[in-house]
Amino acid sequence: MSDDVLIVSGGSPLKGEVRVRGAKNLVSKAMVATVLGESPSRMYDVPRIRDVEIVRGLLELHGVKVTNGDLDGELRFDPSNVERAGIDEINVHAGSSRIPILLCGPLLHRLGHAFIPDLGGCHIGPRPIDYHLEALRRFGAVVDKTPEGLHLSAPDGLHGIKYELDYPSVGATEQILLTAVRAEGVTELSNAAVEPEIIDLICILQKMGAIIKVHTNRVIEIQGVPRLGGFSHRPIPDRIEAASWASAALATRGDITVKGARQADMTTYLNVFRSIGGEFEIDDNPVDGGIRFWHPGGDLRPVALETDVHPGFMTDWQQPLVVALTQANGLSVVHETVYEKRFGYTSALNQMGAHIQVFQDCLGGTPCRFGRMGFRHSAVIAGPAKLHATDLVIPDLRAGFSHLIAALAAEGTSRVHGVDLINRGYEDFEAKLAGLGATVSR
Ligand code: EPU
């Protein structure tokens with residue numbers, strides 16, 4: 001029997017406390033930023049997840065000395081000897097994560113050359129990198145696409161640009177920030193993403209010596225500086241993980257306190273949670289605070305929502321919440337406007353007894369860029385549905401967590417295959433589940 005299977009006996013409410021640490025989607029970028037500095041950096045509250053290990057491996061290949069600090073979750077980075085890494089060694093990481101693409105600017109600044117392996121990440125659409133490459137070329141990079149990966153050089157250095165993104169892409173905004181901070185002159189980025197993780201990355205870059213102004217209307221202006229130092233930083237908490245546990249509480253009629261969760265990053269989620277009938281209580285204590293989420297009993301209400309860039313409803317909150325919506329009394333409508341193929345996981349939920357239909361039309365919201373393109377990017381969820389146990393195969397990180405929640409909400413014993421994928425973004429999830437009273441075993 002494969003070890004990568006979790007046996008889940010569902011049907012009982014999850015109750016108890018979990019803690020979230022630094023946000024995966026900030027920590028991994030902050031680790032890349034350390035390469036830009038000429039002195040050591042330090043980060044606290046780093047979760048033990050696969051994505052952090054992958055980025056650590058890549059940094060070490062490039063000569064960054066990464067060590068564990070004295071505190072649990074503390075990592076130290078010494079980038080004084082950044083050096084070129086072998087293509088074969090880098091390619092060991094091919095297909096494992098999307099973070100390597102963000103090394104382009106930092107490596108070009110430090111070494112004048114970068115090699116980027118094939119990217120990985122979740123299979124939730126084609127996930128192109130055209131914005132990244134176009135911006136890098138405008139900065140002055142020469143990009144050579146080869147079968148083994150991307151080779152980049154900057155024979156005439158990197159110079160500030162005026163650039164407008166077609167769509168406020170998180171990754172492309174980070175790419176431009178990480179390149180512009182040490183490019184010569186001023187960069188003006190319009191239609192930038194302004195997710196809290198990006199603002200936290202800007203805070204880190206400012207600690208390193210960068211000059212970055214965030215204007216109104218998604219405009220970010222970066223004044224390039226010749227040199228950056230290190231930083232010491234405690235990252236913002238993982239609002240995706242926090243919402244995942246909140247949705248698990250709702251779907252299993254449970255009661256979960258998420259220590260470390262912060263209201264300011266989650267107001268949009270909290271509004272939806274409350275509209276559905278979930279209850280929450282916020283403890284603002286900076287040391288030991290968090291948010292308690294619970295199902296108050298009775299029926300949940302359906303909702304119509306669309307995912308969007310910040311401050312909209314995050315696409316990564318969508319999948320776990322849909323499991324809870326299968327238990328709401330009536331028809332819910334979810335319009336996914338960030339990724340064109342993020343409803344693949346719903347067929348497994350239907351096998352478990354859910355009633356979810358996916359449509360190509362833009363339902364329940366304003367038309368998005370995927371309308372009339374043939375992508376099934378809207379879902380109608382009819383509830384309440386009695387979920388029953390089944391065999392599940394996890395397709396990607398967030399969908400995987402939603403499968404897990406469905407198995408926990410369903411009566412009977414499910415076998416969830418491919419659970420190791422969940423370790424990419426959820427620290428110690430099996431121990432956390434056990435702490436919440438779930439019956440899970442390998
Ligand atoms: N896009 C392009 N061209 C580009 C870049 C993006 O067309 O060059 C499109 C994408 O195809 C997508 C949209 O723009 O349709 C948004 O993509 P974005 O670049 O914002 O996403 P990302 O940076 O690749 C990060 C997170 C995702 C999260 C999105 C949106 C990381 C490592 N990943 O991805 O998180 O869903 O932003 O908030 O930060 C996850 O954690 O499970 C995850 C998938």
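Values quoted throughout were computed directly from the atomic coordinates according to the rules given, and no laboratory measurement underlies them. None of the values given here were measured: they were computed from a predicted structure. Virtual Cβ from ideal backbone geometry, glycine too; neighbours counted across all protein chains shown.
Between 0 and 90 degrees, the angle of helix 170-180 with respect to the longest Cα principal axis of the chain falls at about 20 degrees. Straight-line cross-link reach from LYS65 at under 19 Å between alpha-carbon atoms covers these lysines, not counting any fewer than eight positions away in the same chain: LYS29.
Computed extension length for ASP118-THR216: 31.8 nm, one decimal, from 0.36 nm per residue of separation with the Cα-Cα distance subtracted. So for the range 49-150, Kirkwood radius off the Cα pairs, Stokes-Einstein at 25 °C and 0.890 mPa s: how many µm² s⁻¹? Result for D is 167 µm²/s. Note down the Stokes-Einstein diffusion coefficient of the chain in µm²/s, whole number, using a Kirkwood radius over alpha carbon pairs, 10 °C, and 1.306 mPa s. Here the translational diffusion coefficient equals 71 µm²/s. Of interest is the spacing of the C-alpha centroids, which for the range 200-247 and the range 276-307 amounts to 27 Å.
The stretch between ALA264 and ARG301 holds 10.9 nm of extra length on full extension. This uses 0.36 nm per residue minus the Cα-Cα distance. Here the peptides 175-187, 261-273, 206-218 are ranked by packing, the mean other Cβ count within 10 Å, and the order with the highest first is 175-187, 261-273, 206-218. Extension gain for LYS162-SER232 works out to 22.2 nm (0.36 nm per residue, less the C-alpha to C-alpha distance).
Helix 196-208 versus the longest principal axis of the chain: what angle, 0 to 90°, nearest 10, using Cα atoms? That works out to roughly 30 degrees. Here the range 363-412 is treated as an ellipsoid with the same Cα gyration tensor; its semi-axes, largest first and in whole Å, are 28, 15, 9. Highest mean first, the peptides 339-351, 275-287 sorted by other C-beta atoms within 10 Å per residue fall in the order 339-351, 275-287. Of all lysines in the structure, the ones whose alpha carbon falls short of 22 Å from that of LYS259, not counting any fewer than 8 places away in one chain, are LYS15, LYS24, LYS432.
Among 154-164, 80-90, 29-39, sorting by the average number of other beta carbon atoms lying within 10 angstrom of each residue, highest first, gives 29-39, 154-164, 80-90. Straight-line cross-link reach from LYS162 at under 16 Å between alpha-carbon atoms covers these aspartates and glutamates, not counting any fewer than eight positions away in the same chain: GLU134, GLU174, GLU184, GLU188, GLU221.
Counting only alpha carbon atoms, the long axis of helix 130-139 and the longest principal axis of the chain meet at about 20°.
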